[in-house]
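The values are calculated or read from the model by the stated rules, or taken from the named source; none is laboratory data. Being a predicted model, the structure only gives us computed values, none of them experimental. Reconstructed Cβ throughout: ideal geometry from the backbone, glycine too, with neighbour counts over all protein chains shown.
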């Protein structure tokens, strides 16, 4: 199959699951699967970065494993931990059974040799509690691994991810290197609250998702909120697009447009008018300052939106 | 990896996109995967592999469009009313390659001129430059169709330059041009003074000689028709030369666009700020932004410092579960390294104003890593301009500051008094106070005692003086009385100096 056809297929597959995307995004999924590289997704909040990972998992029929990053996330929470309780119990059991085991041995050396006949089960996968990263590597069918908001984590953690991202393997000191059973698709998302290190960037494909244009946003609303009528849909999308051209603290994102569309459906609205917009503006804008600033523009924006849909 | 890709990556690097070796290997694999068939897919794919920030994506798109634009070759418009063409009006039936291109909407343009990327089908976003070409063609249409009868026998890549020119066969000419450019190693072009040489070499490669011979033979006939024919070829030759020159210039820009800029930036960062020309102001602004970005990247990670001797009980217990609860591995408490609070007290009179401008520009570009910057401006009296900078853009705020506080005789005593009234209470052991001024107090009392008070309270006091050290304490300069109360007093004349100061500020901040 030609690349562009495959990319188209990805798009269509996503569309079936209700995730509408442009070619750029589909291309990155295609490339990531073919090249076996993780994707670093950046963009303003609410444009569907996390959603992309979910949609991919659904499209490929694979499990989605999610690791939410925060300040202080470390190996024990991301990769694995030993089941200490179980290990302690095991020692207890071992103590009791030790007598039986050691029957017939003479002297320390012999008992030690006898003990060595049993494997070092103490640090074995039995006692390993897998965390998201390890789960993703162990997954038989392959998995979609989402490392969410990597910019929130510390840079030590970022460095720790490098081995995983380039070779799909991790080293556990007691066990050696664990390789992925099947290569997972890895998404890293970032809101750019800090600059991601070059080393990490180099290992990833870089996808920037901007706010969608009006056509794409229309399609998204159509897929996500099918109840909203076409006229209203065009108006509300035009309104939101207009809103994004203003100087605001936080611009409304796609998720907010969807919420707004749902709100309008609930209110049985058929067309936009200034009054309605004013009443529901808090769904779109999350800062009081923004709401106040926009107030003067509402009439103009509404008329503009009505015109755009006509 | 293909040569085209290597060249492209070189062009990208010239356009300030950082491409590492491993990324170029990835790019090679990507190209193997998607091929050159589909322009849009190629652009998206390479964009994700090679450009890793928003700015880089912009540069990438620009470079991609420039690099993969095989459309420069327009049939010389001069030929429309040339005497030689009208009588060639036969073979109307044959559809020319260019004839097919013309009606298609901006995509087809690539087909005509894409020797190394045949059969591009959808090139939606590369439309702009191609559209221009397609647009150019219908104009020359009727004439071209007449000529094209020769395009058949003279397949693309045909040897005879004259025939190609007469046929107006853009594709073949483009190919010949690209080939000649490759043979003359046009991609090694570095300086604009090399343009002429490369134009000549390429023309020679393409077969300029045959043209000259043709002109000579035509004109030697001595007949009127011969002269006309000679004239015609001459015009074609000139047209060709113009196009080759365009091509060379384009390539020069592609590979060296930023080399000149870089050199200029290098020079500008070291020149005394008061000597900066007005026309360089824009470059300097960008330069400040760039430096600030670098500093942000270096300092955006929050550093921690271990407090020795203070046990972190919670973490220690948690960590030692694996040792059966024996406190074996001890965790000490640590504290985060704070970002410094900065107060900048800036002289905005006359000669120092320029430095103030750049210092403030610097400090405010760093808002990501320096969240608390307060700025004060004075010449006679001092006033706080923090709000102004937060509300307005930097440029406007600076202009406003100069307007309100600028002018008038400098009076350090008065200014420091005002500062003590306004903000001395807010100076604490997290605060770094930066004084920017030449220390020339017009023989008024400098009130160094106030600076001493500030110094007692603040974490550090840094004095930046644009004058070289040899001029300190000459004339009415009172640096001598100020320096004992500063942790550091140094000359700060160029952007490089400024960067050093600010970088130190960030690095050692506690």
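Values for this structure:
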read-out: Residue A:186 vs. criteria assigned by TED's automatic domain parsing to the domain that holds residue A:148, closer than 19 Å to residue A:19 by Cβ and touching a residue at least 40 places away in the same chain (Cβ under 8 Å); value: yes
read-out: Elements of type strands (runs of 3 or more DSSP E) in the stretch B:403-500, at least 2 residues being without any contact (Cβ under 8 Å) to a residue 60 or more places away in the chain and surrounded by fewer than 22 Cβ atoms within 10 Å (Cβ to Cβ); value: B:460-465, B:488-491
read-out: Total residues in the stretch B:214-241, condition in a helix (DSSP H, G or I), surrounded by fewer than 19 Cβ atoms within 10 Å (Cβ to Cβ) and either over 46 Å from the mean Cα position of the chain (by Cα) or not assigned by TED's automatic domain parsing to the domain that holds residue B:174 (or both); value: 10
read-out: Evaluation of residue A:206 against (1) away from chain B (no Cβ under 11 Å); (2) under 21 Å from the mean Cα position of the chain (by Cα) (one fails), failing number; value: (1)
read-out: Some residue of the stretch B:453-473 being touching a strand residue (DSSP E or B) at 6+ places or on another chain (Cβ under 9 Å) and at positive phi; value: no
read-out: Selection within the stretch A:139-159 - more than 14 Å from chain B (Cβ to nearest Cβ), at negative phi and crowded, with 17+ Cβ neighbours inside 10 Å; value: A:139, A:143, A:144, A:145, A:146, A:147, A:148
read-out: Any hit, the stretch A:257-268, residues being farther than 30 Å from residue A:52 by Cα and outside the structural domain of residue A:44 (by TED's automatic domain parsing); value: yes
read-out: Qualifying residue in the stretch A:162-174 (condition: part of a helix (DSSP H, G or I), in contact with a helix residue (DSSP H, G or I) (Cβ under 7 Å, 6 or more places away or on another chain) and more than 14 Å from chain B (Cβ to nearest Cβ)); value: yes
read-out: All helices (runs of 4 or more DSSP H) inside the stretch B:1-74 with 1 or more residues being within 11 Å of chain A (Cβ to nearest Cβ) and in contact (Cβ under 8 Å) with a residue 40 or more places away in the chain; value: B:39-50, B:54-67
read-out: All positions within the stretch A:64-84 that are crowded, with 16+ Cβ neighbours inside 10 Å and either at positive phi or not in a helix (DSSP H, G or I) (or both); value: A:64, A:65, A:66, A:67, A:69, A:73, A:79, A:80, A:81, A:82
read-out: Within the stretch A:247-270, tally of residues that are part of a loop (DSSP other than H, G, I, E, B) and either within 20 Å of the chain's Cα centre (by Cα) or closer than 17 Å to residue A:227 by Cβ (or both); value: 5
read-out: Selection status of residue A:140, in a loop (DSSP other than H, G, I, E, B), assigned by TED's automatic domain parsing to the domain that holds residue A:61 and free of Cβ contacts under 8 Å to residues at least 12 places away in the same chain; value: no
read-out: Single residue of the stretch A:26-43 satisfying the filter (more than 21 Å from residue A:5 (Cβ to Cβ) and more than 9 Å from chain B (Cβ to nearest Cβ)) that is surrounded by the most Cβ atoms within 10 Å (Cβ to Cβ); value: A:41
read-out: Qualifying position, being over 27 Å from the mean Cα position of the chain (by Cα) and surrounded by 13 or more Cβ atoms within 10 Å (Cβ to Cβ), among A:87, A:92; value: A:87
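Residues are listed down the side, and each one gets a yes or a no for (1) within 12 Å of another protein chain (Cβ to nearest Cβ); (2) at negative phi; (3) in a loop (DSSP other than H, G, I, E, B):
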{"residue": "A:4", "(1), (2), (3)": "yes, yes, no"}
{"residue": "A:14", "(1), (2), (3)": "no, yes, no"}
{"residue": "A:18", "(1), (2), (3)": "no, no, yes"}
{"residue": "A:24", "(1), (2), (3)": "yes, yes, no"}
{"residue": "A:45", "(1), (2), (3)": "no, yes, yes"}
{"residue": "A:57", "(1), (2), (3)": "no, yes, no"}
{"residue": "A:94", "(1), (2), (3)": "no, yes, no"}
{"residue": "A:97", "(1), (2), (3)": "no, yes, no"}
{"residue": "A:109", "(1), (2), (3)": "no, yes, no"}
